[in-house]
Structures are given as structure tokens and as C-alpha cells.
Amino acid sequence: MTKVLMVCLGNICRSPLAEGILQSKLNSKDVFVDSAGTAGYHVGNAPDPRSIAVAKKYGIDISQQQCRKFSVLDFDRFDSIFVMDKNNYRDILVKARNQQDEEKVKLLLNEIELSIDEVPDPYYGGEDGFEKVFAMIDTACKTIAQKLK
């Protein structure tokens, strides 16, 4: 079974969406998807209500997810680690123990052709930010799902 981890800062906005979106595109018997944050601000909490709402709008239920913090052991548990932005990318690479760990870490939007390479954090914005982030993540997850099938 292939295992994929999605990572953002707090694990309440972007990475829960990425987890839910990628899960919706794959067979759970073949691919396990999880998410985590580089910071532990929201450990144990559900995703942001705005993330839950935008996912629900597209038929994806992420309401049962629980936020957790990235652990060095995640390098052992996962085959690929997709990170939403460069700050979190650097934070994950600092924890890498070797080149094998480093090679697992990728920026999510590098999987597709976009004029930007970071998924912006919609936390301090309005509802439209979550909609835009959903669209970006969905496009990247389509490509990732095709590669994993």
C-alpha cells in the first residue's frame, strides 16, 4: 500500500483539504492518505469550519479528521510527503535524517503547471480564499492520483 502525507502549518485548512481531496480520487485499499501540520497549535481539533464547508460543497467529508503535528517518524510511515508552501517545506526538510527522507518531500503545486508554487494559507481571509485553495489542491491531487493509479 502506498502512503501519502499532506502537510501545512496548523493542519486545519490546506492539508485536511488535500487529504480529503486525494482520498476522494483513490481507492483506500491501495493508497492511504493522511495530513499533519508543522506546528502543534490545533492538535486534536477538527479542521477549520470553512475547510469543512468547501469540501462538503464538493461532496467530500473531512469533518472527522483530527489535526496532528508532523513527526520525524512520518518519514518512515509515508512514501510521499506533499507540503503546501516553502516555509513548511523547509521546516520538514530540517527534520530529515538523511537523503532518503529529503527525497520524499515535495511542494504540492510542483506536481502541476501553475504560475505559483505555493498554496496560499486561506486562514485569515474570507470564504473565497478557501474556494481558490480547494481548486488549486484539487488540480494537483488529480495529477497525483493519476500517477498513483
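Which percent of the accessible area of region 1-120 is formed by carbon and sulfur heavy atoms (probe 1.4 angstrom)?
46 percent
Would you give the gap between the C-alpha center of region 1-70 and the C-alpha center of region 105-149, rounded to a whole Å?
Computed from Cα coordinates, the inter-centre distance equals 13 Å.
Test of the criteria: in region 1-65, which trypsin sites (Lys or Arg not before Pro) are in a DSSP loop and have at most 14 other Cβ atoms within 10 angstrom of their Cβ?
Those satisfying the criteria are 29.
Determine the dipole magnitude for the chain: charges of +1 sit on the beta-carbon of Lys and Arg, -1 on that of Asp and Glu, nothing else is charged, the reference point is the Cα centre, and the result goes in debye to the nearest 20.
In debye, rounded to 20, the chain gives about 320.
Could you pull out every residue, at least 5 positions away or on a different chain, whose amide H is within less than 5 Å of the one on residue 69? Hs are placed 1.01 Å off N in the peptide plane, and Pro or chain starts have none.
The answer is 37.
Tell me, what is the percent relative contact order of region 80-149, built from C-alpha pairs under 8 Å that lie six or more residues apart?
Contact order relative to length: 30 percent.
Sort 48, 121 from largest to smallest accessible area, using a 1.4 Å probe on the heavy atoms of the protein chains.
121, 48
Any chance you could run the full-extension gain for residue 127 through residue 115? It's 0.36 nm times the residue separation minus the Cα-Cα distance, nm to one decimal.
Stretched out fully, the residue 127 to residue 115 stretch lengthens by 2.1 nm.
Relative to the present Cα-Cα distance, how much length would full extension add between residue 27 and residue 72 at 0.36 nm per residue of separation?
13.5 nm
Quick one: accessible area per residue over the chain, 1.4 Å probe, rounded to a whole number of Å²?
Value returned for the chain: 51 Å² of accessible area per residue.
Sorted from largest down, give the three principal axis spans of the alpha carbons of region 5-70, whole angstrom values.
Extents along the principal axes: 30, 25, 15 Å.
List the chymotrypsin sites (Phe, Trp or Tyr not before Pro) in region 1-73 that DSSP assigns to loop (not H, G, I, E or B) and whose Cβ has at most 16 other Cβ atoms within 10 Å. Which are they?
41, 58
Quick check on region 26-149: take the gyration tensor over C-alpha atoms, sort the square-rooted eigenvalues as a ≥ b ≥ c, and tell me if it's rounded (a/c under 1.5), prolate or oblate.
rounded
The values are calculated or read from the model by the stated rules, or taken from the named source; none is laboratory data. Just so you know, these numbers come straight off a predicted model, no measurement behind them. A quick note on method: Cβ atoms are made from the backbone with ideal geometry, for glycine too, and the neighbour counts reach across all protein chains shown. Each accessible area value is taken on the protein alone, full model and side chains, heavy atoms only, with ligands, DNA and RNA left out. Shrake-Rupley method; radii C 1.70, N 1.55, O 1.52, S 1.80 Å.
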